[in-house]
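The values are calculated or read from the model by the stated rules, or taken from the named source; none is laboratory data. These figures come from a predicted structure and were not determined experimentally. Virtual Cβ from ideal backbone geometry, glycine too; neighbours counted across all protein chains shown. Heads up: the accessible areas ignore ligands, DNA and RNA and are worked out on the full protein's heavy atoms, side chains in. Shrake-Rupley method; radii C 1.70, N 1.55, O 1.52, S 1.80 Å.
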Amino acid sequence: MKEAYFEDIQLNISSPYPFSCAISHSRGKDFIIHPHWHYYIELLFFLSGHARIFLGGEAYGANKGDMVLINACEVHSITAEADCDTRYIVIKFDPEILYMQKAVFELKYILPFTLGKISYQKVFTGQELKDTVIPSLVQDIYEEYF
């Protein structure tokens, strides 16, 4: 496995939105995102296909309807096979936007998460999300962004 590299992408926080959004698509060929890390938080929502995510030293499978949460500075990589049309929405945001309100909630939940001081669920299956508003919210974020 390759050594993880730093992805030096600056998010355009001065845009109308404090995040960036895109769709990654394997387009019928082997899809490999080598191990890397960055200073922003990334949320992946799978629209089709299947991918293998290596995240924090663990391997996870991701399928249609699944969501993956990648913390800032967490080494991760993604692979998908050529015979599988894999598409997922990528939402990237700076952890700073989580600190807009000074509250007990922030100190109890947000700060430990962004500092990597707590263990958290990294992959949410489509089954876990099916009766929630999360899939439609991710779609709405993507549509609003574009």
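Keeping to region 33-50, report how many residues are farther than 15 Å from residue 75 by Cβ and open to solvent by 70 Å² or more (accessible area, probe 1.4 Å).
Number of matching residues: 1.
So, in region 11-24, of the ones that are out of contact with any Phe, Trp or Tyr (no Cβ under 8 Å at 6 or more places or on another chain) and modelled with pLDDT of 65 or more, which residue ends up nearest to residue 54 (Cα to Cα)?
22
Going through region 46-61 one residue at a time, which ones are among the aliphatic types (A, V, I, L, M) and farther than 17 Å from residue 27 by Cα?
Result: 53, 55, 59.
What single numbered condition from (1) within 23 Å of residue 130 (Cα to Cα); (2) modelled with pLDDT under 90 fails to hold for residue 68?
All conditions pass for residue 68, except number (2).
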